1. Using the structure shown, decide if T272 is out of contact with any Cys (no Cβ under 7 Å at 6 or more places or on another chain), more than 16 Å from Q216 (Cα to Cα) and either aromatic (F, W, Y) or buried (at least 17 other Cβ atoms within 10 Å of the Cβ) (or both).
2. When residues of the stretch 262-300 are filtered for being over 20 Å from P351 (Cα atoms) and not in a helix (DSSP H, G or I), how many remain?
3. Out of V343, V304, report the one residue that is in contact with a Leu (Cβ under 7 Å, 6 or more places away or on another chain), modelled with pLDDT of 90 or more and either part of a loop (DSSP other than H, G, I, E, B) or under 19 Å from T204 (Cα atoms) (or both).
4. Six or more apart or on different chains, Cβ under 8 Å: which pairs go from a residue in the stretch 539-567 that's over 22 Å from L408 (Cβ atoms) and among the acidic types (D, E) to one that's open to solvent by 50 Å² or more (accessible area, probe 1.4 Å) and not in a loop (DSSP other than H, G, I, E, B)? Could you list them?
5. Report the residue count in the stretch 282-301 for those that are in contact (Cβ under 8 Å) with a residue 40 or more places away in the chain and open to solvent by less than 40 Å² (accessible area, probe 1.4 Å).
6. Looking at (1) in a helix (DSSP H, G or I); (2) closer than 27 Å to A561 by Cβ, which is the only condition S507 fails?
7. With D413, D428 as the choices, which residue is modelled with pLDDT under 90 and closer than 29 Å to D543 by Cβ?
8. Among the residues of the stretch 151-198, which ones are of a type in the set (D, E) and open to solvent by 10 Å² or more (accessible area, probe 1.4 Å)?
Amino acid sequence: MHKMAPPPGKQRGPSRLLLVGAGALLLVVALMNPIVTPANCPKAPAAAHHRPSTRRAVAETAHQAALEAEADIDLDEVVDDVQDVVDDEDYPSDSSSTPAAGGAATAAAATAAAASSEAAAAAGAAAAAASGPTVAFRTSSGAGAIPEDPDFDWVAYLHNYPELLRHPISLDFTKEAAWEHYRTIGKAEGMIARRLTLRLRYHTGGQNKPGGLNNQLLCHLTAFMMAQEIGAEVVLAPALKRTAFAAEGNSWIWEDTDTLLDVDKMIAYWATRGLVVHKTPQLTGEAADEYPKLVEADEPPTKVYGDAGCLTVQLPRPYKFDNNLASVAQRARRKAVKAAEYVLRANGTIPACINLDTPRIFYRVPVSSSLNLAVSTFNEGFFLNKTLLNMATYIKRKMGWPFYGAHLRLENDASVWNGPDGEERVLDEYINIMGQANFTDTTTVYVASGLLFDGPSPEFDAVVKALKSAGVAGRIDYKEKLVDKEILKSLHSEQLALVDLLVLATSKVFVGHPWSTLSMLVEQLRICSGLGTSTIHYVVVLDETKEYLNIKMKDKFVRFAKGFTPK
């Protein structure tokens, strides 16, 4: 997999924290004081507190509605979600009455408090906004020197409560302004003035079920994008392998992530960029068997991971299907801060770490909401298993250059796109598109297909015969033909798929299936390596309207390299 220079375009940084028009000076200060790189200070909606002071309440409620609109939150869904999970009697409404609870009870209550306070602030915003005039809190004079306080980190304080920088509170982005607010208001109200150690834990399920290689890679991409935007560490999710290609008779089995990714190399790479990556927790016995079931049920991995010494909260689900990255990060940070506040009030201490556990993130956060971040993350920060890279190189050398590539998505499970008994019709379409792309009877063609899952089959032999008879292939190669069977047997299903992905990504011309994430990922790798879009072709399998909707969906959630031009 070729590594390119970081893509051009808008760079990430703490400017996400600042309001439009906050001034160049504030931006410079922010850039000079990063809290974490590369995910600095994401802009977040206002965080509400139990019974805030009158001064703070007036200032916050006056602009709460605008913040909710900015975060793209559906208030009805917030309230509904909270009512399903938490009862108002489960946590105190005033910090002075908070019991000194600890352990699992505190963790559970903190999770409830985080969810409930989020909904309460949102639901009451409009009414409270009309209750009185706005107040702009400014640094008072004569406050004296700022003492050294191990519990006070002014950048973290403003990172945790970015609403303090917004109108009408409008604090200056300075240590003095942050300290004055914390000294006079924040400390008494249990606001968090230290950086929180957050750990994003996720799984790699597809849509409504465990997913194959490409769905898993896209889940990793989404998780790393979220972690950078939130300012969280990443706990790599396990891999999943299948026992059969068709849905019937297939089961999914836990595998270590390093069977697909070069985890050590990724840890080292991201460490230089301020992002901590944790290896996949080792699961054995019942826990390993349970993990695919959690993925299928779309539940977070908490049950099999445990708390690992941290407070655990479940991330809010995106409220809309096309929710953008900034909105997801805003709500995640807010929920973590609210949970930490509750523990601080209960125990007098801030949690050492907080797990942010989330269920399925596949097709939940559009890569299109931050294309530069997406392409740099995948193209620069993802390193693949070295054994599989070497196998792909071996196959390419054995075929020689040039060779063309085709992903033949003709399996029975593709009938959802191809239509009932649509294999013959779609095969004709492959032949048509391959002819248009200058495949000839002298062309060496590398093909990938689920028809080869258990080795060559009569169905696959018929496809080979049709391609040659139509004059769009001279020699047809595939890994099952070029690599020793015993070596292939040592690899699991998604490792084999990754070998296909790597070979197809470097073919002279590629023909794929528009509804397949494998074909779409081949396209992204080709673009990142400098192969133009003119070398990429797709069959047409459905009517024009459905194809258009599919492309729009892929543009949102899969095509992270769209418009990227490597230098």
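1. On the way: out of contact with any Cys (no Cβ under 7 Å at 6 or more places or on another chain): yes; more than 16 Å from Q216 (Cα to Cα): yes; either aromatic (F, W, Y) or buried (at least 17 other Cβ atoms within 10 Å of the Cβ) (or both): no.
No.
2. 14
3. Working: V343 fails: either part of a loop (DSSP other than H, G, I, E, B) or under 19 Å from T204 (Cα atoms) (or both).
Selected residue: V304, the only one of V343, V304 that is in contact with a Leu (Cβ under 7 Å, 6 or more places away or on another chain), modelled with pLDDT of 90 or more and either part of a loop (DSSP other than H, G, I, E, B) or under 19 Å from T204 (Cα atoms) (or both).
4. D555/S368
5. Here is the first cut: in the stretch 282-301, the residues in contact (Cβ under 8 Å) with a residue 40 or more places away in the chain are 283, 291-292, 294-296, 298-301.
Filter once more, so that each one left must be open to solvent by less than 40 Å² (accessible area, probe 1.4 Å): 283, 291-292, 294-295, 298, 300-301.
Adding up the residues that qualify gives 8.
6. Result: S507 fails condition (1) only.
7. Working: D428 fails: modelled with pLDDT under 90.
Residue meeting the stated conditions: D413.
8. Of the stretch 151-198, the ones of a type in the set (D, E) are 151, 153, 163, 172, 176, 180, 189.
If the condition is that a residue be of a type in the set (D, E) and open to solvent by 10 Å² or more (accessible area, probe 1.4 Å), then D151, D153, D172, E176, E189 are the ones that fit.
The values are calculated or read from the model by the stated rules, or taken from the named source; none is laboratory data. Because the structure is a prediction, the values reported are computed rather than measured. As a convention, Cβ positions derive from the backbone with ideal geometry for all residues, glycine included, and neighbour counts pool all protein chains shown. Just the protein is used for accessible areas: all its heavy atoms, side chains included, with ligands, DNA and RNA removed. Shrake-Rupley method; radii C 1.70, N 1.55, O 1.52, S 1.80 Å.
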